[in-house]
1. With (1) out of contact with any Ser or Thr (no Cβ under 6 Å at 6 or more places or on another chain); (2) assigned to a helix (DSSP H, G or I); (3) of a type in the set (A, V, I, L, M); (4) in contact (Cβ under 8 Å) with a residue 40 or more places away in the chain as the list, and ALA83 as the residue in question, which single condition is left unmet?
2. Give the residue that is farthest from GLY385 (Cα to Cα), with candidates limited to residues of region 447-482 that are without any contact (Cβ under 8 Å) to a residue 12 or more places away in the chain and assigned to a loop (DSSP other than H, G, I, E, B).
3. Tally up the residues in region 189-227 that are part of a strand (DSSP E or B) and among the aliphatic types (A, V, I, L, M), please.
4. Filtering region 85-130 down to residues that are in contact with a helix residue (DSSP H, G or I) (Cβ under 6 Å, 6 or more places away or on another chain) and of a type in the set (Lys, Arg), which residue is farthest from ASP201 (Cα to Cα)?
5. Exactly one of (1) in contact with a Cys (Cβ under 9 Å, 6 or more places away or on another chain); (2) free of Cβ contacts under 8 Å to residues at least 40 places away in the same chain; (3) among the hydrophobic types (A, V, I, L, M, F, W, C) is unmet by VAL375. Its number?
6. How do the pairs read when you match residues in region 280-292 that are modelled with pLDDT of 95 or more and buried (at least 17 other Cβ atoms within 10 Å of the Cβ) with residues anywhere that are part of a loop (DSSP other than H, G, I, E, B) and not small (Gly, Ala, Ser), using Cβ under 9 Å and keeping only pairs 6 or more apart or on different chains?
7. Scan region 15-34 and tell me whether some residue there is crowded, with 18+ Cβ neighbours inside 10 Å, aromatic (Phe, Trp, Tyr), modelled with pLDDT under 95 and within 21 Å of TYR165 (Cβ to Cβ).
8. Give region 315-342 a look and list any residue that's among the β-branched types (Val, Ile, Thr) and under 30 Å from ILE392 (Cα atoms), or say none.
Amino acid sequence: MSAAATPGAGSAAESYAASRTGSTAGSNSDLTRTSAADLAALLTAGEVSSVEVTRAHLDRIAAVDGDVHAFLHINAAAIDTAAQVDADRAAGVALPALAGVPIAIKDVLCTLDMPSTSGSKILEGWIPPYDATVVARLRAARMVPLGKTNMDEFAMGSSTEHSAYGPTKNPWDLTRIPGGSGGGSAAAVAAFEAPVALGSDTGGSIRQPAAVTGSVGVKPTYGGVSRYGAIALASSLDQVGPVSRSVLDAALVHDVIGGHDPRDATSIPDAWPSMAAAARAGQSGDALKGVRVGVVKQLEGEGFQAGVKSVYHETLELMAAAGAEIVEVSAPHFEYAVAAYYLILPAEASSNLAKFDSVRFGLRTEVPGGTVEDVMGATREAGFGPEVKRRIILGTYALSAGYYDAYYGSAQKVRTLIQRDFAACFEQADILVSPSAPTTAFKFGEKLADPLAMYLNDVTTIPANLAGVPGMGLPMGLAPEDGLPVGLQLMAPAREDARLYTAGAAIEQLLEAKWGGPLWAKAPELRTR
């Protein structure tokens with residue numbers, strides 16, 4: 001199947017639907033609502049084929065993605081890939097645990113057989129000559145890529161409204177945003193178009209979308225998952241991670257994509273424990289007993305929706321009843337995290353995006369009789385959207401002579417103070433918690449005209465990126481005001497990702513017992529208001 005050259009809402013889904021004349025779009029709903037862990041067990045037992053599972057998800061995409069617009073491109077080889085897994089399984093070939101399980105891939109990750117646009121016109125139709133390491137690893141694990149998911153252009157945004165190819169919609173309420181920048185991956189999982197997905201998190205772009213779509217999202221320790229082949233936004237902040245509907249599913253994907261990569265200079269050469277084993281340990285029933293849970297005083301208060309706070313405090317009470325020790329901790333420099341982040345990120349982005357110059361690859365806008373500089377200026381004007389231009393200008397200014405120390409240098413000093421705050425907090429607590437986002441999903445256009453209001457959506461998630469520590473977002477309930485998902489954020493010391501999975505799985509069990517099942521089971525069928 002060819003790339004959607006000028007993708008608009010639903011174009012990827014429509015192209016697949018056209019190729020599936022006579023199929024029963026939207027059928028096999030049981031398979032699309034089955035976890036990756038359970039799909040893997042069914043596949044291993046021979047109770048279902050990878051072709052059946054993959055076709056069920058492709059049919060679901062064809063049925064609903066015209067409304068959701070989670071995907072920019074559908075993988076033409078998905079069924080063939082699934083068929084090869086089935087053939088190898090039938091032949092007795094030893095296969096990895098997740099072989100045959102479908103997965104969606106955020107469009108920030110390079111794929112040699114599908115366009116990789118990073119949500120930007122400047123890369124429209126570009127097919128890389130290589131796979132990102134995480135993509136190569138999921139292929140080696142014999143997972144089945146379903147396609148590429150929508151995102152804010154170059155991962156700059158908190159609502160996916162900044163995509164050059166149109167916004168993704170929240171499956172819980174199609175009039176609301178699915179978060180950003182990875183709204184496409186979160187929406188695909190929440191709309192049952194994929195059991196799991198890959199995302200990237202620079203300041204909350206996995207955890208915040210997970211919060212507003214009722215999904216699970218994990219930002220690993222910086223350097224714990226390779227960034228090779230991830231189109232860079234801010235190299236000292238970017239981190240690839242999993243998106244799913246359960247903690248165990250996220251852990252299974254983390255085990256596939258994690259570990260040292262010599263092609264990434266920032267990759268940690270540690271031997272990592274199994275995150276899936278850690279998640280299963282959290283399901284033991286008493287995993288929270290004696291765990292010191294630090295409530296970060298600075299990550300709650302003014303500007304937080306009342307329903308978010310009420311659900312959050314109910315969850316803290318639930319953890320305390322399960323034997324956790326709730327302690328309040330203070331991180332005084334978190335107050336400056338957003339300001340520091342929006343100096344560091346634009347500075348690094350202005351440098352990283354300089355390579356999109358019309359000369360080497362990507363869009364080229366011809367200027368008859370013009371110089372290389374004329375062509376470069378015209379190309380960047382036509383290819384970059386308003387938010388990208390805003391951040392390039394901010395970053396270039398912050399790095400300019402006479403201002404470097406006052407802005408970028410000062411922001412890096414604040415970053416060090418935030419890292420020290422984390423260290424002090426982890427002396428008092430085993431994990432830290434906060435809401436994943438200050439509000440539930442807001443309406444389209446509500447914050448688009450006010451960049452500062454948009455930036456504050458990441459107020460709780462940004463500190464973890466500045467410090468490089470791992471963070472997890474998981475659903476903790478529905479806000480009473482609007483019935484929309486509320487997310488809980490967990491944070492652990494660097495390299496202690498397994499601790500997050502154990503605690504997260506334990507909290508997930510408590511919450512599901514309270515709800516009478518997983519939160520995603522309460523999701524309406526693509527509700528509008």
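The values are calculated or read from the model by the stated rules, or taken from the named source; none is laboratory data. Just so you know, these numbers come straight off a predicted model, no measurement behind them. Neighbour counts are summed over all protein chains in view; Cβ atoms, including those assigned to glycine, are modelled from backbone coordinates with ideal geometry.
1. With respect to (1) out of contact with any Ser or Thr (no Cβ under 6 Å at 6 or more places or on another chain); (2) assigned to a helix (DSSP H, G or I); (3) of a type in the set (A, V, I, L, M); (4) in contact (Cβ under 8 Å) with a residue 40 or more places away in the chain, ALA83 is out only on (4).
2. So in region 447-482, the residues without any contact (Cβ under 8 Å) to a residue 12 or more places away in the chain come out as 449-450, 452-453.
Still in the list and also assigned to a loop (DSSP other than H, G, I, E, B): 449-450.
Numbers: ALA449: 14, ASP450: 16 Å.
Going through the qualifying residues, I end up with ASP450.
3. At the first step, the residues of region 189-227 found to be part of a strand (DSSP E or B) are 196-200, 216-219, 225.
Among the residues that remain, those that are also among the aliphatic types (A, V, I, L, M) are: 196-198, 216, 218, 225.
Number of matching residues: 6.
4. LYS121
5. Every condition holds for VAL375 apart from (1).
6. Filtered contacts from region 280-292: GLY282/LEU288; VAL291/ASP430.
7. Among the residues of region 15-34, at least one is crowded, with 18+ Cβ neighbours inside 10 Å, aromatic (Phe, Trp, Tyr), modelled with pLDDT under 95 and within 21 Å of TYR165 (Cβ to Cβ), which makes the answer yes.
8. Step one: of region 315-342, the residues among the β-branched types (Val, Ile, Thr) are 315, 326-327, 329, 338.
Listed by number, the list holds a single entry, VAL338.
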